[in-house]
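What follows is a single structure, written as structure tokens, with notes after it.
The values are calculated or read from the model by the stated rules, or taken from the named source; none is laboratory data. Quick caveat: nothing in here was measured; it's all calculated off a predicted structure. All Cβ positions, even for glycine, are placed from backbone atoms using ideal geometry, and neighbour counts span all protein chains on display.
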Amino acid sequence: MINKTLQLKLNNKLVDLSTPIVMGIINVTPDSFYKGSRISSDKSILNATEKMLADGATILDIGGYSTRPSANPVSQDEEITRISTALEIILKKFPDTKISIDTFRSGVVRHSNSNFHVAMINDISGGTLDDLMFETIADTGLAYVLMHTRGNPQTMQSLTQYEDIVSEVILYLEKKISQLHLLGVNDIIVDPGFGFAKTMEQNYILLRKLSYFKELNVPILAGISRKSMLYKLLDLQPEESLNATTAANMLALIGGAKILRVHDVKEAMQTISIFNQYNK
């Protein structure tokens, strides 16, 4: 029996997950929570891409809609324009880059897949903000990051009531995975959704019990980089939270994460190298 947690098909090629990999974040938005990830000019997009690939990123995650709490809504047309501009710049110089699109809109998925060579969709809504998302993923054959959240970026932080957060998040993801499998989607990654409809305490419960998510038999993605669960705990700003991110990423790796979604690729790769050596 194939261990689905150890491989992933991207751009029709199998990616080995026996050792964890890094997804680098490129936000083509003016309002992402971390100022250092806001990229607007053509030159800055290329520079960020070149650095992340040189530092060891396997995947680049391109986002045109900030999904931080209370983020301002962005029209689909504007999101498509932002993402398309970045993709044209990146793929012209780095055509073999494995691209993930960070979106919860099926229209953005279809446009990106029709016009560019993309590999994955990273949907922070788990299909809850667009009824056509799962069908679209099935039609396109793209890999899919299934994340847990509640509500939308404007309302999610008021929806943090759980009886047992770990079992509820796992059950949610399990049901969504079953729906995707019925549609023929096989390349699924789960993300517990750190910071999305969770309190600080709940985020740390999920991190502490991340290994429980292995029972879903799909790769686990951890997106903790520079988030408020780190910098607010330490009374810092996002710009000051790289060390905290490294510590949290190591805990995520110990818990079974196979993909680290990060702003700082070099440091995440170093964390993986230490983790791998520790586990030899």
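For the reader, a short list of remarks on this structure follows.
- Taken over segment 128-179, the criterion of being part of a loop (DSSP other than H, G, I, E, B), in contact with a helix residue (DSSP H, G or I) (Cβ under 9 Å, 6 or more places away or on another chain), of a type in the set (Ser, Thr, Tyr) and farther than 22 Å from Arg261 by Cβ is satisfied by Tyr162 alone.
- Test for Ala48: is it among the aliphatic types (A, V, I, L, M), in a helix (DSSP H, G or I) and either buried (at least 21 other Cβ atoms within 10 Å of the Cβ) or modelled with pLDDT of 95 or more (or both): yes
- Pick from segment 156-176, criterion surrounded by fewer than 18 Cβ atoms within 10 Å (Cβ to Cβ) and of a type in the set (A, V, I, L, M, F, W, C), ranking: farthest from Pro219 (Cα to Cα): Leu159
- Some residue of segment 140-152 being under 21 Å from Val108 (Cβ atoms), of a type in the set (S, T, N, Q) and out of contact with any Phe, Trp or Tyr (no Cβ under 6 Å at 6 or more places or on another chain): yes
- Filter pass, Asp187 being under 19 Å from Gly64 (Cβ atoms), of a type in the set (Asp, Glu) and under 17 Å from the mean Cα position of the chain (by Cα): no
- If you go through segment 255-280 and pick out every residue that is β-branched (Val, Ile, Thr) and in contact (Cβ under 8 Å) with a residue 40 or more places away in the chain, you end up with 4.
- Of all the numbered requirements in (1) without any contact (Cβ under 8 Å) to a residue 60 or more places away in the chain; (2) hydroxyl-bearing (Ser, Thr, Tyr); (3) outside any loop (DSSP other than H, G, I, E, B), Tyr65 misses one, and that requirement is (3).
- Considering residues of segment 84-122 that are outside any strand (DSSP E or B) and touching a His at 6+ places or on another chain (Cβ under 8 Å) only, the residue surrounded by the fewest Cβ atoms within 10 Å (Cβ to Cβ): Pro95
- Selection of first residues in segment 115-143 that are at positive phi and of second residues that are at pLDDT 95 or above and not in a strand (DSSP E or B), restricted to Cβ pairs under 7 Å at least 6 apart or on distinct chains, gives the following pairs, ordered by first then second residue: Gly126/His148; Gly126/Lys176; Gly127/Met133; Gly127/Phe134; Gly127/Lys176.
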